[in-house]
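Asker: Before I ask anything, let me first share the structure, which is written out below as C-alpha coordinates.
The values are calculated or read from the model by the stated rules, or taken from the named source; none is laboratory data. Keep in mind it's a predicted model, so treat the numbers as computed, not measured. Note that we place each Cβ from the backbone using ideal geometry, even for glycine, and neighbour counts take in every protein chain shown. Each accessible area value is taken on the protein alone, full model and side chains, heavy atoms only, with ligands, DNA and RNA left out. Shrake-Rupley method; radii C 1.70, N 1.55, O 1.52, S 1.80 Å.
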Amino acid sequence: MLLKTLMFVTLLGNSILPLISYSKEIEVSLTDLDLQHTQTLLKEGKTTVVALSHYYLERIQRYDKNGPKLNAIAQMNPQLLEQAQALDHKIATNQRLGKLFGAMVVIKDNIDIKGMTNTAGSWLLRDNKPEANAFLIEKLLAEDALILAKTNLSEWANFRSEMSSSGWSSMHGQTLNAHDTTRSPCGSSSGSGVAIAADLALLAIGTETDGSVTCPAAVNGIVGIKPTLGLVSRSGIIPLAHSQDTAGPMTRNVTDAVLLLDVMMGFDPLDKQSLTNKPLTQYLTMGDLKGKRIGIMRNMMGYHPGLDAVFDQQLTVFTQAGAILIDNANIESKGKWGDAEYTVLLSEFKADLNHYLSTSNAPLKSLQQAIKLNDEFSSHVMPVFGQEIFIKAQASPDLDSEVYLAALAKSKQLTREQGIDATLAKHQVDFLIAPTTAPAWKIDHIDGDHYMGSAGSVAAVSGYPHITVPMGQVQHMPVNISFLGAKLSEPVLIQAAFEYEQRSQARIRPTMKQ
(Lines give C-alpha, C1' and ligand atoms only; values in the text may rest on other atoms or scores of the structure.)
Protein backbone atom coordinates (compact mmCIF):
# COMPACT_ATOMS: atom_id res chain seq x y z
CA MET A 1 0.00 0.00 0.00
CA LEU A 2 1.33 3.44 -0.91
CA LEU A 3 0.32 6.23 1.45
CA LYS A 4 1.46 9.69 0.43
CA THR A 5 0.70 12.72 2.58
CA LEU A 6 -1.02 10.50 5.12
CA MET A 7 -4.35 11.75 6.37
CA PHE A 8 -5.36 10.33 9.74
CA VAL A 9 -9.11 9.87 9.84
CA THR A 10 -11.78 8.83 12.23
CA LEU A 11 -15.27 7.60 11.79
CA LEU A 12 -18.07 9.30 13.63
CA GLY A 13 -21.28 7.49 12.87
CA ASN A 14 -21.15 7.02 9.12
CA SER A 15 -19.09 10.12 8.41
CA ILE A 16 -15.36 10.27 7.90
CA LEU A 17 -13.48 13.34 9.12
CA PRO A 18 -9.85 14.42 8.65
CA LEU A 19 -7.96 15.02 11.87
CA ILE A 20 -4.30 15.50 11.08
CA SER A 21 -2.07 15.02 8.07
CA TYR A 22 1.46 13.70 7.81
CA SER A 23 3.89 14.43 4.99
CA LYS A 24 5.92 11.25 5.55
CA GLU A 25 5.78 8.88 2.60
CA ILE A 26 5.40 5.23 3.52
CA GLU A 27 5.50 2.51 0.90
CA VAL A 28 4.68 -0.87 2.39
CA SER A 29 1.88 -3.41 2.15
CA LEU A 30 -0.31 -3.43 5.23
CA THR A 31 -2.76 -5.98 3.84
CA ASP A 32 -3.61 -9.06 5.89
CA LEU A 33 -0.91 -8.47 8.51
CA ASP A 34 -0.12 -10.64 11.49
CA LEU A 35 1.19 -9.33 14.80
CA GLN A 36 4.84 -10.28 14.26
CA HIS A 37 4.97 -8.61 10.84
CA THR A 38 3.22 -5.53 12.21
CA GLN A 39 5.75 -5.15 14.99
CA THR A 40 8.68 -5.71 12.64
CA LEU A 41 7.44 -2.95 10.33
CA LEU A 42 7.07 -0.58 13.28
CA LYS A 43 10.49 -1.36 14.74
CA GLU A 44 12.19 -0.94 11.37
CA GLY A 45 10.45 2.36 10.74
CA LYS A 46 8.70 1.09 7.63
CA THR A 47 5.33 2.19 8.97
CA THR A 48 3.91 4.00 11.98
CA VAL A 49 1.06 3.36 14.35
CA VAL A 50 -0.75 6.34 12.87
CA ALA A 51 -0.34 4.85 9.39
CA LEU A 52 -1.71 1.52 10.60
CA SER A 53 -4.67 3.34 12.12
CA HIS A 54 -5.29 5.08 8.82
CA TYR A 55 -5.13 1.78 6.93
CA TYR A 56 -7.80 0.12 9.07
CA LEU A 57 -10.00 3.22 9.23
CA GLU A 58 -9.85 3.50 5.46
CA ARG A 59 -10.91 -0.13 5.09
CA ILE A 60 -13.74 0.39 7.55
CA GLN A 61 -14.96 3.33 5.51
CA ARG A 62 -14.59 1.43 2.24
CA TYR A 63 -16.06 -1.94 3.19
CA ASP A 64 -18.00 -1.51 6.43
CA LYS A 65 -19.73 1.83 5.91
CA ASN A 66 -19.75 1.76 2.10
CA GLY A 67 -19.38 -0.86 -0.61
CA PRO A 68 -20.74 -4.14 0.79
CA LYS A 69 -21.68 -2.31 4.03
CA LEU A 70 -20.66 -5.21 6.26
CA ASN A 71 -21.75 -3.32 9.39
CA ALA A 72 -19.26 -5.08 11.65
CA ILE A 73 -18.02 -1.93 13.39
CA ALA A 74 -20.38 -0.44 15.97
CA GLN A 75 -18.42 2.53 17.31
CA MET A 76 -14.93 3.95 17.00
CA ASN A 77 -12.53 4.64 19.85
CA PRO A 78 -12.59 8.44 20.23
CA GLN A 79 -9.08 8.38 21.76
CA LEU A 80 -7.47 6.43 18.93
CA LEU A 81 -5.49 9.34 17.46
CA GLU A 82 -4.05 10.35 20.83
CA GLN A 83 -3.14 6.75 21.68
CA ALA A 84 -1.57 6.09 18.27
CA GLN A 85 0.60 9.18 18.50
CA ALA A 86 1.67 8.27 22.05
CA LEU A 87 2.72 4.79 20.94
CA ASP A 88 4.63 6.17 17.97
CA HIS A 89 6.53 8.35 20.45
CA LYS A 90 7.36 5.32 22.61
CA ILE A 91 8.71 3.47 19.60
CA ALA A 92 10.71 6.46 18.36
CA THR A 93 12.30 7.01 21.77
CA ASN A 94 13.17 3.34 22.32
CA GLN A 95 10.97 2.92 25.39
CA ARG A 96 9.89 -0.48 26.64
CA LEU A 97 7.12 -1.88 24.46
CA GLY A 98 4.39 -4.27 25.50
CA LYS A 99 3.72 -7.67 23.97
CA LEU A 100 0.88 -6.35 21.80
CA PHE A 101 2.38 -3.02 20.73
CA GLY A 102 0.93 -1.83 17.46
CA ALA A 103 -1.98 -4.29 17.52
CA MET A 104 -5.25 -2.69 16.44
CA VAL A 105 -7.90 -4.61 18.35
CA VAL A 106 -11.68 -4.55 17.97
CA ILE A 107 -13.82 -5.46 20.98
CA LYS A 108 -17.31 -6.93 21.11
CA ASP A 109 -19.86 -4.35 22.24
CA ASN A 110 -20.68 -6.10 25.49
CA ILE A 111 -17.32 -5.38 27.16
CA ASP A 112 -16.77 -2.29 29.30
CA ILE A 113 -14.37 0.30 27.84
CA LYS A 114 -14.04 3.66 29.52
CA GLY A 115 -15.02 6.47 27.15
CA MET A 116 -17.23 4.24 24.99
CA THR A 117 -20.78 3.01 25.49
CA ASN A 118 -21.43 -0.64 26.25
CA THR A 119 -24.74 -1.68 24.75
CA ALA A 120 -24.90 -5.47 24.25
CA GLY A 121 -26.47 -4.35 20.97
CA SER A 122 -29.57 -3.07 22.72
CA TRP A 123 -30.91 0.41 22.04
CA LEU A 124 -31.99 0.43 25.68
CA LEU A 125 -28.32 0.60 26.73
CA ARG A 126 -27.35 3.39 24.33
CA ASP A 127 -26.37 5.60 27.30
CA ASN A 128 -24.51 2.94 29.31
CA LYS A 129 -21.09 4.53 29.76
CA PRO A 130 -18.81 2.51 32.05
CA GLU A 131 -16.59 4.38 34.48
CA ALA A 132 -13.80 1.81 34.21
CA ASN A 133 -12.36 -0.70 31.78
CA ALA A 134 -13.10 -4.39 32.02
CA PHE A 135 -10.21 -6.36 33.53
CA LEU A 136 -9.24 -7.85 30.18
CA ILE A 137 -9.18 -4.39 28.57
CA GLU A 138 -6.72 -3.22 31.22
CA LYS A 139 -4.59 -6.25 30.38
CA LEU A 140 -4.54 -5.29 26.69
CA LEU A 141 -3.71 -1.65 27.33
CA ALA A 142 -0.88 -2.61 29.69
CA GLU A 143 0.74 -4.42 26.75
CA ASP A 144 0.38 -1.45 24.36
CA ALA A 145 -2.54 -2.76 22.32
CA LEU A 146 -4.75 -0.07 20.78
CA ILE A 147 -8.52 -0.33 20.92
CA LEU A 148 -9.61 0.50 17.40
CA ALA A 149 -13.35 0.07 17.76
CA LYS A 150 -16.21 -1.94 19.21
CA THR A 151 -18.05 -4.49 17.09
CA ASN A 152 -21.68 -5.32 16.51
CA LEU A 153 -23.17 -8.48 17.99
CA SER A 154 -26.36 -10.46 18.16
CA GLU A 155 -28.43 -8.41 20.58
CA TRP A 156 -28.04 -9.49 24.21
CA ALA A 157 -25.59 -12.17 23.01
CA ASN A 158 -28.39 -13.90 21.07
CA PHE A 159 -30.46 -14.49 24.21
CA ARG A 160 -33.59 -12.44 23.70
CA SER A 161 -35.62 -14.53 21.25
CA GLU A 162 -35.75 -18.05 19.85
CA MET A 163 -36.45 -16.49 16.42
CA SER A 164 -33.42 -14.21 16.39
CA SER A 165 -31.16 -13.44 13.44
CA SER A 166 -27.49 -13.73 14.33
CA GLY A 167 -25.63 -10.45 13.92
CA TRP A 168 -28.73 -8.26 14.26
CA SER A 169 -29.09 -5.72 17.04
CA SER A 170 -31.53 -2.88 17.64
CA MET A 171 -28.57 -0.59 18.31
CA HIS A 172 -26.49 -1.31 15.23
CA GLY A 173 -28.56 -3.31 12.72
CA GLN A 174 -27.57 -6.43 10.76
CA THR A 175 -23.94 -7.48 10.28
CA LEU A 176 -23.21 -9.28 7.01
CA ASN A 177 -20.84 -12.14 6.21
CA ALA A 178 -17.74 -10.83 4.38
CA HIS A 179 -17.64 -13.86 2.05
CA ASP A 180 -21.27 -13.46 0.94
CA THR A 181 -23.33 -10.54 2.20
CA THR A 182 -26.58 -12.48 1.81
CA ARG A 183 -25.38 -14.98 4.41
CA SER A 184 -25.21 -14.98 8.18
CA PRO A 185 -22.10 -13.97 10.12
CA CYS A 186 -23.31 -16.29 12.92
CA GLY A 187 -23.14 -14.95 16.44
CA SER A 188 -23.14 -13.64 18.86
CA SER A 189 -19.62 -12.27 18.23
CA SER A 190 -20.66 -11.45 14.69
CA GLY A 191 -18.87 -8.15 14.15
CA SER A 192 -15.62 -9.46 15.61
CA GLY A 193 -15.59 -12.38 13.19
CA VAL A 194 -16.43 -10.28 10.15
CA ALA A 195 -13.94 -7.54 11.05
CA ILE A 196 -11.04 -10.00 11.13
CA ALA A 197 -12.09 -11.82 7.96
CA ALA A 198 -12.44 -8.49 6.11
CA ASP A 199 -9.12 -7.13 7.44
CA LEU A 200 -10.78 -4.27 9.31
CA ALA A 201 -8.51 -4.89 12.31
CA LEU A 202 -5.54 -7.01 13.32
CA LEU A 203 -7.07 -8.78 16.33
CA ALA A 204 -10.52 -9.16 17.85
CA ILE A 205 -12.14 -10.26 21.07
CA GLY A 206 -15.48 -12.00 21.25
CA THR A 207 -17.39 -13.67 24.06
CA GLU A 208 -18.99 -17.09 24.19
CA THR A 209 -21.59 -18.89 26.23
CA ASP A 210 -22.31 -21.60 23.66
CA GLY A 211 -20.76 -21.13 20.22
CA SER A 212 -20.53 -17.34 20.15
CA VAL A 213 -16.78 -17.22 19.44
CA THR A 214 -16.33 -20.47 17.53
CA CYS A 215 -19.36 -20.23 15.20
CA PRO A 216 -18.69 -16.71 13.84
CA ALA A 217 -15.00 -17.65 13.57
CA ALA A 218 -15.90 -20.71 11.52
CA VAL A 219 -18.43 -19.19 9.13
CA ASN A 220 -16.10 -16.26 8.49
CA GLY A 221 -13.07 -18.50 8.00
CA ILE A 222 -10.83 -17.32 10.87
CA VAL A 223 -9.35 -18.75 14.06
CA GLY A 224 -11.25 -18.62 17.34
CA ILE A 225 -10.34 -19.89 20.80
CA LYS A 226 -12.95 -20.56 23.46
CA PRO A 227 -10.64 -21.08 26.47
CA THR A 228 -11.18 -23.15 29.57
CA LEU A 229 -13.68 -21.40 31.83
CA GLY A 230 -11.81 -19.10 34.21
CA LEU A 231 -8.67 -18.45 32.17
CA VAL A 232 -10.11 -15.06 31.20
CA SER A 233 -11.85 -12.78 33.67
CA ARG A 234 -15.49 -11.87 33.01
CA SER A 235 -15.64 -8.75 35.18
CA GLY A 236 -16.78 -5.76 33.16
CA ILE A 237 -18.58 -7.91 30.58
CA ILE A 238 -22.35 -7.84 30.20
CA PRO A 239 -23.14 -11.43 31.19
CA LEU A 240 -25.28 -14.25 29.96
CA ALA A 241 -24.43 -17.15 32.27
CA HIS A 242 -21.46 -17.34 34.65
CA SER A 243 -21.12 -21.13 34.47
CA GLN A 244 -20.32 -20.91 30.74
CA ASP A 245 -19.35 -17.32 29.88
CA THR A 246 -15.85 -16.50 28.67
CA ALA A 247 -14.15 -14.07 26.36
CA GLY A 248 -11.88 -15.41 23.64
CA PRO A 249 -9.54 -14.25 20.84
CA MET A 250 -10.56 -14.15 17.17
CA THR A 251 -7.74 -13.75 14.65
CA ARG A 252 -6.52 -14.72 11.18
CA ASN A 253 -4.03 -17.28 12.48
CA VAL A 254 -3.38 -19.51 15.48
CA THR A 255 -0.22 -17.67 16.55
CA ASP A 256 -1.99 -14.33 16.94
CA ALA A 257 -4.86 -15.97 18.80
CA VAL A 258 -2.47 -17.50 21.32
CA LEU A 259 -0.49 -14.28 21.72
CA LEU A 260 -3.72 -12.42 22.42
CA LEU A 261 -5.02 -15.09 24.78
CA ASP A 262 -1.75 -15.01 26.73
CA VAL A 263 -2.32 -11.31 27.47
CA MET A 264 -6.03 -11.74 28.22
CA MET A 265 -5.45 -14.44 30.86
CA GLY A 266 -4.92 -13.77 34.53
CA PHE A 267 -6.46 -13.85 37.98
CA ASP A 268 -8.96 -11.09 38.73
CA PRO A 269 -10.17 -10.57 42.31
CA LEU A 270 -13.51 -9.44 40.90
CA ASP A 271 -14.05 -12.81 39.19
CA LYS A 272 -13.83 -15.62 41.73
CA GLN A 273 -13.68 -18.25 38.97
CA SER A 274 -10.65 -16.67 37.29
CA LEU A 275 -7.41 -18.64 37.25
CA THR A 276 -3.70 -18.07 36.93
CA ASN A 277 -2.00 -19.91 34.09
CA LYS A 278 1.43 -20.22 32.49
CA PRO A 279 2.08 -18.61 29.10
CA LEU A 280 0.84 -20.60 26.13
CA THR A 281 3.04 -19.27 23.32
CA GLN A 282 5.65 -21.93 24.06
CA TYR A 283 3.28 -24.49 22.54
CA LEU A 284 3.36 -22.92 19.07
CA THR A 285 5.64 -25.68 17.81
CA MET A 286 5.83 -28.17 14.95
CA GLY A 287 6.22 -31.94 15.20
CA ASP A 288 3.83 -32.51 18.08
CA LEU A 289 1.18 -34.32 16.02
CA LYS A 290 3.49 -37.27 15.55
CA GLY A 291 2.26 -40.15 17.70
CA LYS A 292 -0.80 -38.27 18.96
CA ARG A 293 -4.01 -40.30 19.18
CA ILE A 294 -6.84 -38.17 17.80
CA GLY A 295 -10.51 -39.02 18.26
CA ILE A 296 -12.96 -38.29 15.44
CA MET A 297 -16.39 -37.35 16.79
CA ARG A 298 -18.52 -38.81 14.00
CA ASN A 299 -21.74 -38.14 15.89
CA MET A 300 -20.96 -34.42 15.71
CA MET A 301 -21.22 -34.66 11.92
CA GLY A 302 -23.78 -35.72 9.34
CA TYR A 303 -25.81 -32.53 9.01
CA HIS A 304 -24.07 -31.22 5.85
CA PRO A 305 -22.53 -33.58 3.24
CA GLY A 306 -20.25 -30.94 1.74
CA LEU A 307 -18.85 -30.06 5.16
CA ASP A 308 -18.19 -33.73 5.95
CA ALA A 309 -16.43 -34.22 2.62
CA VAL A 310 -14.00 -31.35 3.30
CA PHE A 311 -13.34 -32.68 6.80
CA ASP A 312 -12.61 -36.21 5.56
CA GLN A 313 -10.19 -34.84 2.97
CA GLN A 314 -8.34 -32.96 5.70
CA LEU A 315 -7.71 -36.08 7.77
CA THR A 316 -4.68 -36.83 5.61
CA VAL A 317 -3.01 -33.75 7.11
CA PHE A 318 -2.96 -35.55 10.46
CA THR A 319 -1.87 -38.95 9.18
CA GLN A 320 0.92 -37.40 7.12
CA ALA A 321 2.12 -35.72 10.32
CA GLY A 322 2.31 -39.12 12.01
CA ALA A 323 -0.86 -38.92 14.08
CA ILE A 324 -3.06 -41.92 14.80
CA LEU A 325 -6.74 -41.39 14.02
CA ILE A 326 -9.37 -43.15 16.10
CA ASP A 327 -12.70 -43.14 14.30
CA ASN A 328 -16.09 -42.95 16.03
CA ALA A 329 -14.71 -41.49 19.26
CA ASN A 330 -18.19 -40.19 19.89
CA ILE A 331 -19.68 -38.13 22.70
CA GLU A 332 -22.23 -40.68 23.86
CA SER A 333 -24.14 -38.17 25.97
CA LYS A 334 -24.83 -35.96 22.95
CA GLY A 335 -28.39 -34.64 22.87
CA LYS A 336 -29.00 -35.24 26.58
CA TRP A 337 -27.88 -31.97 28.15
CA GLY A 338 -29.84 -29.42 26.11
CA ASP A 339 -32.85 -28.99 28.43
CA ALA A 340 -30.68 -28.78 31.52
CA GLU A 341 -28.39 -26.25 29.88
CA TYR A 342 -31.34 -24.06 28.92
CA THR A 343 -32.67 -24.12 32.48
CA VAL A 344 -29.24 -23.05 33.72
CA LEU A 345 -28.90 -20.27 31.15
CA LEU A 346 -32.32 -18.82 31.96
CA SER A 347 -31.69 -18.70 35.70
CA GLU A 348 -28.14 -17.43 35.48
CA PHE A 349 -29.06 -14.80 32.90
CA LYS A 350 -31.65 -13.28 35.20
CA ALA A 351 -29.33 -13.24 38.21
CA ASP A 352 -26.17 -12.20 36.37
CA LEU A 353 -27.78 -9.49 34.26
CA ASN A 354 -29.56 -8.02 37.28
CA HIS A 355 -26.23 -7.83 39.10
CA TYR A 356 -24.44 -6.15 36.17
CA LEU A 357 -27.22 -3.62 35.58
CA SER A 358 -27.70 -2.76 39.25
CA THR A 359 -23.98 -2.03 39.72
CA SER A 360 -23.40 -0.19 36.43
CA ASN A 361 -24.21 3.20 34.95
CA ALA A 362 -26.83 1.57 32.73
CA PRO A 363 -30.10 3.52 32.58
CA LEU A 364 -32.05 0.35 33.37
CA LYS A 365 -31.41 -1.73 36.46
CA SER A 366 -33.10 -5.12 35.98
CA LEU A 367 -34.25 -7.70 33.47
CA GLN A 368 -37.85 -6.92 34.41
CA GLN A 369 -37.31 -3.27 33.50
CA ALA A 370 -35.72 -4.31 30.20
CA ILE A 371 -38.78 -6.40 29.35
CA LYS A 372 -41.06 -3.46 30.11
CA LEU A 373 -38.99 -1.03 28.02
CA ASN A 374 -38.75 -3.48 25.13
CA ASP A 375 -42.55 -3.56 25.06
CA GLU A 376 -42.77 0.22 25.37
CA PHE A 377 -40.34 0.81 22.49
CA SER A 378 -41.15 -2.35 20.55
CA SER A 379 -41.20 -0.64 17.15
CA HIS A 380 -37.58 0.33 17.67
CA VAL A 381 -36.11 -2.66 19.52
CA MET A 382 -38.31 -5.52 18.34
CA PRO A 383 -39.05 -4.98 14.62
CA VAL A 384 -37.48 -8.34 13.70
CA PHE A 385 -38.06 -10.68 16.65
CA GLY A 386 -39.53 -10.64 20.14
CA GLN A 387 -38.34 -11.29 23.69
CA GLU A 388 -39.75 -14.67 24.66
CA ILE A 389 -36.39 -15.75 26.15
CA PHE A 390 -36.37 -12.63 28.35
CA ILE A 391 -39.84 -13.50 29.61
CA LYS A 392 -38.84 -17.12 30.32
CA ALA A 393 -35.71 -15.95 32.12
CA GLN A 394 -37.68 -13.57 34.33
CA ALA A 395 -39.92 -16.50 35.36
CA SER A 396 -36.99 -18.90 35.87
CA PRO A 397 -35.97 -20.46 39.23
CA ASP A 398 -33.52 -18.61 41.47
CA LEU A 399 -29.92 -19.79 41.82
CA ASP A 400 -30.59 -21.42 45.20
CA SER A 401 -33.51 -23.48 43.90
CA GLU A 402 -33.34 -27.27 43.61
CA VAL A 403 -34.45 -27.04 39.98
CA TYR A 404 -31.51 -24.84 38.99
CA LEU A 405 -28.93 -26.73 41.06
CA ALA A 406 -30.06 -30.08 39.64
CA ALA A 407 -29.94 -28.75 36.08
CA LEU A 408 -26.46 -27.31 36.64
CA ALA A 409 -25.15 -30.60 38.03
CA LYS A 410 -26.77 -32.59 35.21
CA SER A 411 -25.45 -30.40 32.41
CA LYS A 412 -21.90 -30.47 33.79
CA GLN A 413 -21.90 -34.21 34.40
CA LEU A 414 -23.21 -35.02 30.92
CA THR A 415 -20.61 -32.84 29.22
CA ARG A 416 -17.66 -33.51 31.56
CA GLU A 417 -17.54 -36.92 33.31
CA GLN A 418 -19.98 -38.54 30.85
CA GLY A 419 -18.96 -36.36 27.91
CA ILE A 420 -15.48 -35.19 26.95
CA ASP A 421 -13.67 -36.87 29.85
CA ALA A 422 -15.38 -40.21 29.22
CA THR A 423 -14.66 -40.09 25.49
CA LEU A 424 -10.98 -39.26 25.96
CA ALA A 425 -10.58 -42.09 28.46
CA LYS A 426 -12.60 -44.74 26.60
CA HIS A 427 -10.71 -44.27 23.33
CA GLN A 428 -7.38 -43.32 24.94
CA VAL A 429 -7.05 -40.23 22.75
CA ASP A 430 -5.23 -36.96 23.35
CA PHE A 431 -7.94 -34.72 21.92
CA LEU A 432 -11.04 -34.73 19.71
CA ILE A 433 -11.81 -33.29 16.28
CA ALA A 434 -14.89 -32.67 14.13
CA PRO A 435 -16.15 -30.03 11.70
CA THR A 436 -17.02 -26.85 13.62
CA THR A 437 -20.33 -26.00 11.96
CA ALA A 438 -22.02 -25.84 8.55
CA PRO A 439 -21.32 -23.10 5.99
CA ALA A 440 -23.18 -19.87 6.70
CA TRP A 441 -26.90 -19.93 5.99
CA LYS A 442 -28.94 -17.18 4.35
CA ILE A 443 -29.92 -14.27 6.59
CA ASP A 444 -33.61 -14.64 7.36
CA HIS A 445 -35.53 -12.01 9.34
CA ILE A 446 -38.78 -13.96 9.04
CA ASP A 447 -37.89 -17.43 10.31
CA GLY A 448 -34.62 -16.62 12.08
CA ASP A 449 -31.36 -18.57 11.98
CA HIS A 450 -31.15 -21.84 10.05
CA TYR A 451 -28.63 -23.45 12.35
CA MET A 452 -27.80 -27.04 11.37
CA GLY A 453 -25.38 -28.27 14.02
CA SER A 454 -21.91 -27.91 15.51
CA ALA A 455 -19.19 -29.62 17.52
CA GLY A 456 -18.86 -26.91 20.13
CA SER A 457 -21.74 -27.22 22.59
CA VAL A 458 -20.12 -29.97 24.66
CA ALA A 459 -17.05 -27.77 25.19
CA ALA A 460 -19.16 -24.71 25.96
CA VAL A 461 -21.32 -26.38 28.60
CA SER A 462 -18.44 -28.28 30.21
CA GLY A 463 -16.27 -25.16 30.30
CA TYR A 464 -13.50 -27.01 28.45
CA PRO A 465 -11.35 -25.49 25.66
CA HIS A 466 -12.26 -25.40 21.98
CA ILE A 467 -10.14 -24.11 19.11
CA THR A 468 -11.54 -23.66 15.61
CA VAL A 469 -9.24 -23.33 12.58
CA PRO A 470 -9.98 -22.86 8.84
CA MET A 471 -9.98 -26.18 6.94
CA GLY A 472 -11.21 -25.16 3.47
CA GLN A 473 -14.41 -24.21 1.73
CA VAL A 474 -17.77 -25.51 0.53
CA GLN A 475 -18.26 -23.71 -2.78
CA HIS A 476 -17.33 -20.09 -1.94
CA MET A 477 -17.95 -20.29 1.82
CA PRO A 478 -15.30 -21.09 4.45
CA VAL A 479 -15.58 -24.01 6.86
CA ASN A 480 -13.51 -24.86 9.94
CA ILE A 481 -12.27 -27.80 11.97
CA SER A 482 -12.63 -28.00 15.76
CA PHE A 483 -10.12 -29.19 18.35
CA LEU A 484 -11.61 -30.12 21.74
CA GLY A 485 -9.95 -31.42 24.90
CA ALA A 486 -10.08 -31.79 28.65
CA LYS A 487 -10.05 -28.95 31.16
CA LEU A 488 -6.92 -26.79 30.79
CA SER A 489 -5.72 -28.83 27.79
CA GLU A 490 -4.88 -25.65 25.87
CA PRO A 491 -1.21 -26.71 25.46
CA VAL A 492 -2.16 -29.90 23.59
CA LEU A 493 -4.84 -28.20 21.51
CA ILE A 494 -2.60 -25.27 20.60
CA GLN A 495 0.17 -27.60 19.43
CA ALA A 496 -2.28 -29.56 17.30
CA ALA A 497 -4.12 -26.55 15.90
CA PHE A 498 -0.90 -24.72 15.08
CA GLU A 499 0.69 -27.65 13.27
CA TYR A 500 -2.52 -28.42 11.41
CA GLU A 501 -2.77 -24.79 10.30
CA GLN A 502 0.84 -24.68 9.13
CA ARG A 503 0.48 -27.90 7.16
CA SER A 504 -2.94 -27.20 5.63
CA GLN A 505 -2.80 -23.44 4.92
CA ALA A 506 -6.53 -23.67 4.33
CA ARG A 507 -7.78 -20.16 5.14
CA ILE A 508 -9.54 -18.37 2.30
CA ARG A 509 -9.88 -14.60 2.03
CA PRO A 510 -13.16 -12.92 1.16
CA THR A 511 -13.47 -11.14 -2.17
CA MET A 512 -15.30 -7.90 -1.47
CA LYS A 513 -16.56 -5.34 -3.95
CA GLN A 514 -16.22 -1.66 -3.14
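Asker: Have a look at PHE483, ILE196, GLN428 and report the one farthest towards the positive end of the charge dipole of the chain, computed about the Cα centre with Cβ charges (Lys/Arg +1, Asp/Glu -1).
Answerer: ILE196
Asker: Show the residues, 5+ positions off or on another chain, whose built amide H is closer than 5 Å to the amide H of TRP168.
Answerer: Result for TRP168 returns GLU155, THR175.
Asker: Treating the beta-carbon of each Lys and Arg as +1 and of each Asp and Glu as -1, no other charges, what is the dipole magnitude of the range 251-320 about its Cα centre, to the nearest 20 debye?
Answerer: 260
Asker: Next question. Kirkwood hydrodynamic radius, computed over distinct alpha-carbon pairs, for the range 360-441: how many Å, to one decimal? Each step should come with its number before you reach the end.
Answerer: Numbers: mean 1/r = 0.0585 Å⁻¹.
After inverting the pairwise mean of 1/r, the radius is 17.1 Å.
Asker: On to the next question. Would you kindly calculate the translational diffusion coefficient of the range 423-507, applying Stokes-Einstein with the Kirkwood radius from alpha carbon pairs, for 25 °C and a viscosity of 0.890 mPa s, and quote it in µm² s⁻¹ without decimals?
Answerer: After rounding, the answer is 173 µm²/s.
Asker: Still on this model: I'm checking a number: the convex hull volume of the Cα atoms of the chain, normalised per residue, in Å³. What is it? List each step's numbers first, then the result.
Answerer: Details: hull volume 68.6 nm³, N = 514.
Dividing the Cα hull volume of the chain by its residue count gives 134 Å³.
Asker: Could you state the number of Å between the C-alpha centres of the range 194-218 and the range 40-56?
Answerer: 24
Asker: Per residue Cα convex hull volume for the range 69-156, in cubic angstrom?
Answerer: Cα-based convex hull of the range 69-156, divided per residue, equals 102 Å³.
Asker: Largest first, please: the extent of the C-alpha atoms of the range 250-403 along each principal axis, to the nearest Å.
Answerer: Computed over the range 250-403, the largest-to-smallest principal extents equal 60, 39, 37 Å.
Asker: Express the accessible area of the range 19-149 per residue in Å², computed with a 1.4 Å probe while the remaining protein chains stay in the model.
Answerer: I get 40 Å² per residue for the range 19-149.
Asker: Grab the DSSP H runs of the chain that are 4 residues or longer, score each as -39,500 (n - 2.57), total them, divide by all residues and round the 222 nm result to the nearest 500 deg cm²/dmol.
Answerer: Roughly -9500 deg cm²/dmol at 222 nm, from the helical runs in the chain.
Asker: How much of the DSSP beta bridge set in the chain is antiparallel, as a percent to the nearest 5?
Answerer: That works out to approximately 75 percent antiparallel.
Asker: How large, in percent, is the carbon and sulfur part of the accessible surface of the chain at a probe radius of 1.4 Å?
Answerer: Solvent-exposed carbon and sulfur of the chain make up 51 percent of the total.
Asker: Another question, then. Roughly what % of Cα-Cα distances in the range 367-514 sit above 26 Å, to the whole percent?
Answerer: Everything past 26 Å amounts to 50 percent.
Asker: The range 80-121 to the range 416-453: how many Å between their Cα centroids?
Answerer: Answer, in whole Å: 34.
Asker: Using a 1.4 angstrom probe on the protein heavy atoms only, line up HIS355, HIS445 by accessible area, largest first.
Answerer: Order by accessible area, largest first: HIS355, HIS445.
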